[in-house]
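The values are calculated or read from the model by the stated rules, or taken from the named source; none is laboratory data. None of the values given here were measured: they were computed from a predicted structure. Please note: Cβ atoms are built from the backbone with ideal geometry, for glycine as well, and neighbour counts cover all protein chains shown. The protein model used for the area step is the full one, side chains on, heavy atoms only, and it has no ligands, DNA or RNA in it. Shrake-Rupley method; radii C 1.70, N 1.55, O 1.52, S 1.80 Å.
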Amino acid sequence: MEALNQAKEAVADRIGTPDVALVLGSGLGDYANGLDGAHAIPYGEIPHMPLSSVEGHAGNLVTGQKAGKRIIAMQGRAHLYEGNSPGEVAFGVRLMAILGAKTLIVTNAAGGIGPRLEPGALMAITDQLNLTGASSLVGPNDKHQGARFLDMTTAFDPALIETASTVAVAQGFELQRGVYAGLLGPAYETPAEVRMLRTLGADAVGMSTVLEVLAARHMGVRVLGISCISNLAAGLSGSPLSHEEVQESARRVRPRFESLLSGVLEAM
Ligand code: HPA
């Protein structure tokens with residue numbers, strides 16, 4: 001909590017109270033530059049904020065307005081596979097929550113497993129499988145932040161999913177729905193692991209998001225999750241996976257992703 005307060009104090013005078021927090025995943029960070037009156041604070045200027053070392057993740061906390069909402073956005077995130085602790089992975093989300101954001105929209109690039117989850121598809125996350133082997137809630141519980149034993153029955157807000165689906169239809173496409181499995185990484189899955197994930201009920205797979213969602217729900221923040229399907233999961237197509245392909249694909253869905261995001265911000 002001390003670390004969070006220090007981070008909050010370092011940025012609070014430059015940031016009003018946000019309405020909505022965004023975490024922008026691989027290849028999706030540019031959305032923040034289009035906010036009205038965008039103002040970026042590099043993670044390096046924020047005490048205790050872990051830096052993102054991943055290519056395609058800029059590493060700024062950006063504030064601005066969209067559709068009359070005050071937005072705070074993470075342009076790039078910290079991952080477990082970079083060597084960050086679960087608490088570090090969730091730090092940015094907790095910071096945006098103590099700055100006052102009541103809603104979080106988490107986004108990511110993910111591999112598609114389920115039907116209709118081909119590259120270019122957008123998927124509202126209906127539920128998650130935390131298969132990282134870690135939790136951002138381990139350790140002493142600060143009861144001012146949230147409960148020790150957190151209910152995760154409706155981690156992803158059904159009303160926000162409905163809103164997003166309605167916006168997508170109005171924009172002329174179908175928003176898919178499915179379960180996101182979050183794994184440690186950094187290797188992509190083996191085909192056997194992808195078959196396992198399918199059996200477990202996963203529709204999409206990635207290396208982020210799940211620990212952020214735990215922290216957000218712990219702090220009572222409503223969550224909408226959007227996965228940009230950047231590739232078929234390993235073994236489902238003939239070709240090997242690469243970060244370049246993931247980034248390139250995310251870049252290609254960006255226009256649709258960005259109009260969905262703007263539409264959702266307007267509708268909420
Ligand atoms: N697996 C894990 N993480 C990912 C993938 C994938 O296929 N695509 C984008 N992020």
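Scan around residue 104 for amide H atoms under 5 Å from its own, H built in the peptide plane at 1.01 Å from N, and keep only partners 5 or more places away or cross-chain.
Long-range HN contacts for residue 104: 21, 222, 223, 224.
Subtracting the Cα-Cα distance from 0.36 nm times the residue separation, let me have the gained length for residue 51 to residue 102 in nm, one decimal.
Numbers: separation 51, 0.36 × 51 = 18.36 nm, distance 2.41 nm.
Between residue 51 and residue 102, full extension yields 16.0 nm more.
For residue 152 paired with residue 39, estimate the spin-label separation in nm (one decimal), with each label point 7 Å from Cα along the Cα-to-Cβ line.
3.7
With runs of 4+ DSSP H residues as the only contributors, calculate the mean residue ellipticity of the chain at 222 nm using -39,500 (n - 2.57) per run, divided by the residue total and rounded to the nearest 500. Each step should come with its number before you reach the end.
Details: 6 runs with 81 residues, N = 268.
The helix contribution divided over the chain gives -9500 deg cm²/dmol.
Scan around residue 175 for amide H atoms under 5 Å from its own, H built in the peptide plane at 1.01 Å from N, and keep only partners 5 or more places away or cross-chain.
Close amide H contacts, sequence-distant or interchain: 169.
Under the 0.36 nm per residue contour assumption, what length would be gained going from the current alpha-carbon distance of residue 166 and residue 184 to full extension?
Values: separation 18, 0.36 × 18 = 6.48 nm, distance 3.28 nm.
Result: 3.2 nm gained on full extension.
How do 69, 102, 8 rank by accessible surface area computed with a 1.4 Å probe, from largest to smallest? Could you put the intermediate results ahead of the total?
Values: 69 35, 102 135, 8 75 Å².
Heavy-atom accessible area, descending, gives 102, 8, 69.
For the range 168-175, just list the computed ³J(HN,Hα) in residue order, Karplus coefficients 6.51, -1.76 and 1.60, θ = phi - 60°, integers in Hz, with x standing in for Gly and Pro.
Result, rounded to whole Hz: 4, 4, 4, 8, x, 9, 9, 7.
Net charge near residue 183: determine it from the other residues with C-beta under 9 Å of the C-beta of residue 183, scoring Lys and Arg +1 and Asp and Glu -1. Each step should come with its number before you reach the end.
Numbers: positive: none; negative: 189, 193.
Its environment carries a net charge of -2.
Which whole-Hz couplings ³J(HN,Hα) result when phi for each residue of the range 31-39 is put into the Karplus expression 6.51 cos²θ - 1.76 cosθ + 1.60, θ = phi - 60°, listed in order with x for Gly and Pro?
Each residue of the range 31-39 in turn: 3, 5, 5, x, 5, 5, x, 4, 9 Hz.
Can you list the residues, at least 5 places off or on another chain, whose amide H is less than 5 Å from the amide H of residue 181, using H built in the peptide plane?
Those lying under 5 Å, H to H, from residue 181 are 129, 203, 204, 205, 206.
Starting with the highest mean, order 250-257, 217-224 by the number of other Cβ atoms within 10 Å, averaged over the residues of each peptide.
Details: 250-257: 18.1, 217-224: 20.5.
Top to bottom by mean Cβ count within 10 Å: 217-224, 250-257.
Grab the beta carbon distance between residue 141 and residue 67, set R0 = 30 Å, and tell me the FRET efficiency rounded to 0.05. Before the final figure, lay out the partial values.
Values: r = 36 Å, r/R0 = 1.19.
Computed FRET efficiency for residue 141 and residue 67: 0.25.
I'd like to compare 147-160, 117-130, 70-83: which one has the highest average count of other Cβ atoms within 10 Å, and what's the full order after that?
Working: 147-160: 13.0, 117-130: 20.0, 70-83: 23.3.
Top of the packing list down: 70-83, 117-130, 147-160.
What whole-number distance in Å separates the alpha-carbon centres of the range 201-221 and the range 224-250?
Each part reduced to its Cα centre gives a spacing of 19 Å.
Using a basic spin-label model with each label point 7 Å from the Cα along Cα→Cβ, how many nm lie between residue 199 and residue 2?
4.7
Rounded to the nearest 10 Å², what accessible area does residue 43 have for a 1.4 Å probe in the complete protein model?
0
Read phi for every residue in the range 77-86 and hand back ³J(HN,Hα) as whole Hz from Karplus 6.51 cos²θ - 1.76 cosθ + 1.60, θ = phi - 60°, with x for Gly and Pro.
Each residue's phi maps through the Karplus curve to give 9, 8, 10, 4, 5, 7, x, 6, 6, x Hz.
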